[in-house]
């Protein structure tokens, strides 16, 4: 909540479960980045947890089934982008699964000092967000909220 001390949690926040995140990243070039996101998830008032992440296993049919299950069990997917993300077959495959499972996702600019690339399969209007604590928290909430179906009150529906 804006305006409150970061450690202050009202009863609504305490009763709300953490958002479960599947973390996708380039295993070959960005091994240090997942630790940063994991560290942020462990903050007392983060509101999210890492439920699964990219893993260094052979990409077989079994891999696809495991990743599909992990992504379907997550609330949303964060794709951490680095310099070589566009050439990562694994990140592109994880993004494809997220899209097929209709999971909300967003792209996170993993390295401030470098030109980060988007994974193959990302949509033209997918924004890559700067990685700050405030933007990360806002984007997790916004992405999840925007993915919810919008109910139209009966009185506004056409007969």
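The values are calculated or read from the model by the stated rules, or taken from the named source; none is laboratory data. Owing to the predicted nature of the structure, the values given are computational and were not obtained by experimental measurement. Methodologically, a virtual Cβ is constructed for each residue, glycine included, from the backbone with ideal geometry; neighbour enumeration extends over all protein chains shown.
Among the helices (runs of 4 or more DSSP H) confined wholly to region 1-111, which include 2 or more residues that are modelled with pLDDT of 95 or more and in contact with a strand residue (DSSP E or B) (Cβ under 8 Å, 6 or more places away or on another chain)?
Counting at least 2 such residues, we get 61-73, 89-100.
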Inset, instruction - Would you tally the residues in region 112-136 being in contact (Cβ under 8 Å) with a residue 40 or more places away in the chain, touching a strand residue (DSSP E or B) at 6+ places or on another chain (Cβ under 8 Å) and not in a loop (DSSP other than H, G, I, E, B)? - result: 2
